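Peer 1: Sharing a structure, written as structure tokens. Questions coming.
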Amino acid sequence: MPTVEDLVERLFAGNRRALSRLLTLIENDTPEGRRALKQIYPRSGAAHTVGLTGSAGAGKSTLSGALARELRRRDRTLGIVAIDPTSPFSQGALLGDRIRMQDLTSDPSVFLRSMATRGNLGGLAPSTSGVVTALDAFGMDVVLVETVGAGQDEVEVAAMADTTVVVLTPGAGDDVQAMKAGIMEIADILVVNKSDLPNADLFYRQMSAIYESYSAARNGWQTPILKTSGAEQEGIEALVDALDQHRAHIESTQQREAHRIEQARHQVLALARQRLIDQLVADHTTDGRLDEIVARVARREMDPHSGADELIA
Ligand SMILES: Nc1nc2c(ncn2[C@@H]2O[C@H](COP(=O)(O)OP(=O)(O)OP(=O)(O)O)[C@@H](O)[C@H]2O)c(=O)[nH]1
Ligand SMILES: [Mg+2]
């Protein structure tokens, strides 16, 4: 068994197997994983991290593949992290992704990793940022994080990424409602995907019209609305150009510093929250208090707030 230190050294030397093993340790939040991150973190931060979010089936994985091909054409290296919702379909989806990504999986400058969400509540696992850090430290120019937008995840991915791309598709219920639901606040780039579909142009015009009435430049950045087809590899060059422009924008306006502070705050709090709750659950599972409180709440002898009070007290 190589030590964590060996693995970290090999990671910096560009060894993919070491990267893969470290990712497992980090994803599972093992003591070795934490030790590795301690050594890796200071040497990360150079990658452009891109969050790709949108509803289930919006074509995010296909678009990731298309983006990867265009980025490779421009000689960039990249990591792709796909967050799979814990659902009975995820196995099939994963298989589909693998088939679509076959040409990429054999490319040594591309690294694909899928991660489970944390439990059936969904949401990004707190270890996601560690996985991104490792890919970043490995030397990837770009790290793409694909996640199904289910409310909270979108906000989390936006907190983690330098650039957030929101993917909409015609006929998926991605309409005015979605616009109002706060998506606009997190989108640095808005994409109308599956533009090869017959109703795509109309949808694009509707979206552009709605969007114009909502949008104002945020910190000097006007979110562009782009048309793409991941399947047909169309509009992908413009999307990569927009990614580059957004990155240049945040670098030039020193927003990156402000954003990094926010990212750091988010990560520290997410991990602290997780640890506190894990500790609480562990302590009171052992002494039986959790079950006892839960049973009383279930019998209506106590309300859930009082149950939480007792658990914490
Ligand atoms: N017409 C058309 N279909 C597409 C396009 N991109 C993806 N699809 C199809 O849409 C379906 C979902 O594609 P995925 O790339 O797996 O979408 P996803 O957003 O990653 O899906 P989840 O990860 O399950 O949320 C598949 O049947 C694809 O073949 C596109 O550009 N045009
Ligand atoms: Mg997918």
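Peer 1: Which residues, taken from the stretch 36-55, are of a type in the set (A, V, I, L, M) and within 16 Å of ligand 2 (Cβ to nearest atom)? Explain how you work it out, then say what you get.
Peer 2: Here is the first cut: in the stretch 36-55, the residues of a type in the set (A, V, I, L, M) are 36-37, 40, 46-47, 50, 52.
Those that are of a type in the set (A, V, I, L, M) and within 16 Å of ligand 2 (Cβ to nearest atom): Val50, Leu52.
Peer 1: Return the total of residues in the stretch 56-83 being within 11 Å of ligand 2 (Cβ to nearest atom) and on the phi < 0 side of the Ramachandran plot. Give the steps one after another, and end with the answer.
Peer 2: Step one: list which residues in the stretch 56-83 are within 11 Å of ligand 2 (Cβ to nearest atom), which gives 56-65, 80, 82-83.
From what's left, on the phi < 0 side of the Ramachandran plot: 56, 58, 60-65, 80, 82-83.
Total meeting the criteria: 11.
Peer 1: Against the condition closer than 21 Å to Glu27 by Cβ and of a type outside the set (Phe, Trp, Tyr), how does Gln255 come out, does it pass?
Peer 2: Values: closer than 21 Å to Glu27 by Cβ: no; of a type outside the set (Phe, Trp, Tyr): yes.
Criteria not met by Gln255.
Peer 1: Something else now. Please find, within the stretch 52-81, the residue that is nearest to Thr147 (Cα to Cα) out of those that are more than 12 Å from ligand 1 (Cβ to nearest atom) and assigned to a helix (DSSP H, G or I). First the steps, then the outcome.
Peer 2: The initial filter retains those residues of the stretch 52-81 that are more than 12 Å from ligand 1 (Cβ to nearest atom), namely 68-79, 81.
Keeping just the survivors that are assigned to a helix (DSSP H, G or I) gives 68-73.
Numbers: Ala68: 16, Arg69: 19, Glu70: 20, Leu71: 20, Arg72: 22, Arg73: 24 Å.
By that ranking, first place goes to Ala68.
Every read-out reported here was derived from the displayed coordinates using simple, explicitly stated rules and does not represent laboratory data. Everything numeric in this text was worked out from a predicted model, so none of it was measured. Every residue, glycine among them, receives a Cβ derived from its backbone with ideal geometry; neighbour counts consider all protein chains shown.
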